[in-house]
Structures are given as C-alpha cells and as structure tokens.
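The values are calculated or read from the model by the stated rules, or taken from the named source; none is laboratory data. A quick note: this is a predicted structure, and the numbers were derived from the prediction, not measured. Counting neighbours? That spans all protein chains shown, and the Cβs are built from the backbone with ideal geometry, glycine included.
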Amino acid sequence: MSGFSQTPKFILRLIHLPPRFVYAVGLGQLMGKLVLLLTTTGRKSGKPRVTPLQYEEIDGAFYVGAARGLKADWVRNLQANPVAQIRVKNRNFNGQAEIVTEPARIADFLAYRYQRHPRMLAAMLRGDGLSIPPIRKELEAYAKELALVIIHPD
C-alpha cells in the first residue's frame, strides 16, 4: 500500500498550497521543472479543481502518477470528464486524460522516474518497503495500488 494512500485529505490539501502560491506569484518557471498545476472539473460540483502534481514530459505528453490510485479526487474527476487544463512553467494548455491502471505500464513509468530522479524515487520506494534499486517484480506488485494519468495536449 502506498504511503500517500493513508494520508488524510486535509494534509494533502495543505501540501498543495505552496506550489499554487509559487505559480500565482509568477514563479512557475522555477516550480515547473518538477511540478505542474492540473485543473480538472469537479465531478459533483462542476467547479474547477486545481492540483499541483509532479510530472514527467515524455514525447510531448505529461505523465502523472497517482499515489492514491483511482481513489485520488483528481483522478476521479478525470474519470468523469477527461478534459484537463495544464499549467507548466509559463505555458497553459488543454488536454485529454488517459487513465492507466495496468501494473506493467505503471512499473515502466516508475522505472523511468527512478532513472531520472533516483534519490527522490529511492526515498519514496524505500519508504513503501521496496528494495533499492527496485526489482521489476516489486515495481509491478507496487503498481497494482497506483494509477498513472497521461495528459495528451490538444
């Protein structure tokens, strides 16, 4: 079970405030190297919902892992309406969300992120009981609890 899946929602909402503030004061270029702002439409309220998320840009698409899997509110919003707005660095654009739940594809993404950000991913994976470097079989088992969202820009 992923460590973030056990974190209370109000704590997660507090964690979202600093990146949103940094973007709001025009410093998205600094924050945007690791974090984008994803705006979804609330599945119940219909209101815009902004979530700061770590990402990887691969072949023009934006890949975002969901530690809470299909339970994450932003993922549930995208299930109801796959249209999303992204703010990354100094760019704003719309895109279509593809939600991926296949453990092999999620494990591929985790392996990619581990290559690009070994310290950060090692801390996360070690905290969730995986060996470092991670073994493929462990990554696939771990990925069963997660979801991956790929935003394809319009």
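Tallying residues that are of a type in the set (S, T, N, Q) and in a helix (DSSP H, G or I) within segment 101-154 yields 1.
Between LEU110, LEU125, LEU53, LEU130, the distinction of being closer than 17 Å to VAL35 by Cα, without any contact (Cβ under 8 Å) to a residue 24 or more places away in the chain and either in contact with a His (Cβ under 9 Å, 6 or more places away or on another chain) or surrounded by 16 or more Cβ atoms within 10 Å (Cβ to Cβ) (or both) belongs to LEU53 only. If the condition is being hydrophobic (A, V, I, L, M, F, W, C) and farther than 16 Å from PHE62 by Cβ, then segment 87-109 contributes ALA104, ALA107. Between GLU98, GLU138, GLU102, the distinction of being among the acidic types (Asp, Glu), surrounded by fewer than 14 Cβ atoms within 10 Å (Cβ to Cβ) and out of contact with any helix residue (DSSP H, G or I) (no Cβ under 6 Å at 6 or more places or on another chain) belongs to GLU102 only.
Residue-wise test of (1) modelled with pLDDT under 90; (2) touching a Ser or Thr at 6+ places or on another chain (Cβ under 7 Å); (3) over 26 Å from GLU138 (Cα atoms).
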{"site": "PRO18", "(1), (2), (3)": "yes, no, yes"}
{"site": "GLY42", "(1), (2), (3)": "no, no, yes"}
{"site": "PRO48", "(1), (2), (3)": "no, yes, yes"}
{"site": "GLU56", "(1), (2), (3)": "no, no, no"}
{"site": "GLN79", "(1), (2), (3)": "no, no, yes"}
{"site": "ASN92", "(1), (2), (3)": "no, no, yes"}
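Within segment 62-81, the residues that satisfy the criterion of being surrounded by fewer than 17 Cβ atoms within 10 Å (Cβ to Cβ) and farther than 18 Å from GLU145 by Cα are ALA80, ASN81.
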